[in-house]
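To start, the structure itself, in structure tokens.
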Amino acid sequence: MADSAQLDSADPPLAPPSPPPSLPLQLNGNSDPATPLPSSTDGGSDILDNYPQSNGVAMKKSANRRVETLRTSEDHFRRRSPRLTGNVAGERSVREVSSLKLDGPDEIYPPLKKPKGGKQVSFFIGGPVPDDEARRRWTWRYEGAEGKQNNELSPKHKVVVDDDDDGDKLVSNVKCHYSQAEISKIVFDLGDCAYVKGPKGRPNYVGKILEFFETMDGENYFSVQWFFRAEDTVIKNDGRSHDKKRLFYSTLVNDNLLDCIVSKVKVVQIKPNVCLKFVTLKDNTIPPCDYYFDMKYDVDYSTFSSILTDGDSELFPHPLMMSSKGKYATSKISTKCSLDENCKSELALLDMYSGCGGMSTGLCIGAKACGLDLVARWAVDIDEAACESLKLNHPETQIRNEAAEDFLDLLKEWDCMCRKYGKYDQKELRLKTVREADEVKLSKKNQESSCEYEVARLIDICYGDPSNSGKRGLKFKVRWVGYGPSDDTWEPIENLGKCPEHIRDFVQKGIKAQILPRPGDVDVICGGPPCQGISGYNRFRNFDSPLDDERNRQILIFMDIIEFLKPKFVLMENVIDILRFANGCLARYAISRLVSMHYQARVGIMAAGCYGLPQFRLRVFLWGAQPLEASILNPYLGTSDIPLRRNLVLPQFPLPSHDVVIQYGFPSDFERNVVAYDEGKFRDLEKKVLLSDALSDLPPVANNEKRDSIPLKTVPEAEFQKYIRAAKCDMTASPSSVTTTHKKPVLYDHRPYPMNEDDYLRVCKIPKRKGANFRDLPGIVIGAGNVIRRAKEQDLMPSGKPWVPDYCLSYRDGRSHKPFGRLWWDETVPTVFCFPDHHSRAILHPEQDRILTLRECARLQGFPDYYMFSGSLKQRQVFMSYSQVGNAVAVSVGRALGYSLGMAVQRLSGDEHLLTLPPKFSHSTTVELLSLLNQ
């Protein structure tokens, strides 16, 4: 039981600590789901240095430690009043419905005994509920201490009881139920909302009263269903910026002594709307109340979601109570929409921070696998070489090579111009054509007798300073009369005051070609905003105020773009350190921004190896979805008419399809966000993919390989190889293609970054066996503590340098095995880096004296062999191409997420957090999956 000092903690941790589970992960399901563990606030000490690697079977040592921790910490995080927490003798009840697991919304402690003596201020009034009615309505209360399940309830709505001696018990010694109670001269009915005493110095809790009952011991209890404030959720401190009247519905239910009720409070449910911020109280969107709610919060996967009900008659029904007709409050969505009603035949995607296109490529392929056409219509990245690679593979995409902040400013200016210039009618268009012909003739005459330049047409538009003039602003690229493309210049809009017709013409053509998106044009925005300020390689990180660090500014800009364009769906990706650094401040900010915009949200941690790749690679993904399909409310139009239709389904996370080798750990505060199987749940997993599965069919190349394309004459030796070699038409299910195989398969970008002569000679001396590394080179000895040092007699290289460089001796204090390390066929890699640096990590080919080629790294990331990378012919550009591959979202992970998105858009998925992929999904082409779907 917690002591009084713990009650005053300002920011209790949100998630349970435990040894990181094995993947495909089995989260412990044997503990009381309403009793999570307190967690460490240190997010940087989660590496699995002391744990064995796992092949996917939960480790017994970890499970036992989890149970032990549960039993020593179970009195934390119960949403109860702190009164009389020292008395632990009485029975306690914690129930959880709809399979919700409490993740510590606040420090919660149960009052277990009513104080003796003093004037009674709380008591039941009226007669007890008739016994037969009480047993029908609250069956579980009368079934005995075993907590047997009500046979009339579905398994999803069962009462969860922990039978451990130290765990919470269902209050089963119930004498009778009541319908009313009087507290401090105020009458309370079932269904009323009330303040319940909170910890000392903290706000009172808010909940809905579900039951009044008296025990055999003569104690008066009430059962309460809780609401969350924003700061009680995963958002934590960032919740202080939210509307103080906004609450979040939950399915957390437990019992408290009657005298913990403080007073009545009015809580109303409102329709969720992503444009709510533009609507004022005079529009009657929020009726008079103390609090309102429009979403449900679930600590599993930090989920904020719309409340799905069978109707609006019962705004927030108790999930454990049936109506008279035996229907339940929640219902699973399982009806596919028809395209002619609400679904568009094609969804438009904007890929922010696109790189070479790994995420958008995976999303589009995955969505197509379940019958949804998702098209990457726009892409933005500041890396010129990455944009060239994207254009090489996606020529239909409008690709902008510019900074995200410039893109956002451009979007705002473009929207203003589109509204300003409108559309031509047919009469005006004819007049314009005649006028332009006359102007061309006149301009030619004037050009001959004048030194002024005449604008022929506008070529492009941007916001920024492309000419390095020192002045940032809206610019047009101008083609001049009598000059060619090489003489085009960027001109500020202020200099084009005499060319309104050229601007109008450019805008009209741009609208038709959709060169830029406007609010409502984008269905999906995906992106991985770089947060260099959280990198573990950065020694000058701002732990106190990460959001004030300029290097973390992109996450703010990404959210600003979402707020402006208001897409239906959002997918953000980032490195795992976003959850570790500064207690996950940046991740919590991203969730907070989406929720404050009234988006649904869900956070998951996914390992690439779980989806058929030979690397571990943990990444964080944040789904967002508008709560309802509605037309965009434009504040400039001065209207508050919002036609609401139906709920949008928040996409799920795909469960692992493959076993995987764990390479490092998970942030303990976000253990409940790891996409994994619950312990004891059946797992039909395919075996883990190894390096031999991915690379054994590739032809040998030398350290100084010059060819950019090589004939691929070998036969696939594994399912992965067959899949990764598939033609583009098979992978994308392109209707314009007829053939399904290459007549003469060609392998692109199969050349390594060339090592210098000394390093090449060192690599030639590394044995071709598992575990070989620089320690196999001459001139060193291994001392105490596995630390290496130089031998007294040195064998020097032809260049006169030692075989083992100084950096190998100093790296990790001489204890590392990584420099000049060989990979082996039966291994996987932790992750694919931006550059295969053989000086600090194992990246040598198992049997060839070179580092992995660009194509080999691309395969480890799931890029199909047809995918080409720009800038691979020159040595400097090879380095940049490696960076493109290493920075990309693994295509196989994006593909699995795309499938989940397609299922959600078509309303084929429910409101659960996780989705099971089709059999053989990870290594089947889209054509193969669609053929199975049609069958």
Residue exposure sequence - Asp381, Asp577 - by fewest surrounding Cβ within 10 Å
Asp577, Asp381
Given a Förster distance of 56 angstrom, what is the FRET efficiency for Ile782 paired with Trp480, based on the Cβ-Cβ distance and rounded to 0.05?
0.20
The stretch 189-263-the stretch 763-806 distance, computed between alpha-carbon centres (Å):
65
Arrange Cys526, Cys729 by Cβ neighbour counts within 10 Å, fewest through most, would you?
Cys729, Cys526
Using the eigenvalues of the Cα gyration tensor, what equivalent ellipsoid semi-axes result for the stretch 455-536 when each is taken as the square root of five times the eigenvalue, whole Å, largest first?
29, 19, 11
Pairs of Cα atoms farther than 17 Å apart, the stretch 853-935, %
58
Relative contact order of the stretch 810-935: what whole-number percent is it, with Cα pairs under 8 angstrom and at least 6 residues apart?
19
Using DSSP to call loops (not H, G, I, E or B), can you name the chymotrypsin sites (Phe, Trp or Tyr not before Pro) in the stretch 452-492 whose Cβ has at most 15 other Cβ atoms within 10 angstrom?
Tyr453, Tyr483
Residues Met216, Met606 arranged by fewest to most Cβ contacts within 10 Å
Met216, Met606
Sparse-neighbourhood loop hits (trypsin sites (Lys or Arg not before Pro), the stretch 174-241; DSSP loop; Cβ within 10 Å at most 12 others) -> Lys185, Lys200
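Every number here is computed from the coordinates shown, using simple stated rules; none is lab data. Given the structure is predicted, the values throughout are model-derived calculations rather than measurements. Every residue, glycine as well, gets a Cβ built from its backbone with ideal geometry; the counts of neighbours run over all protein chains shown.
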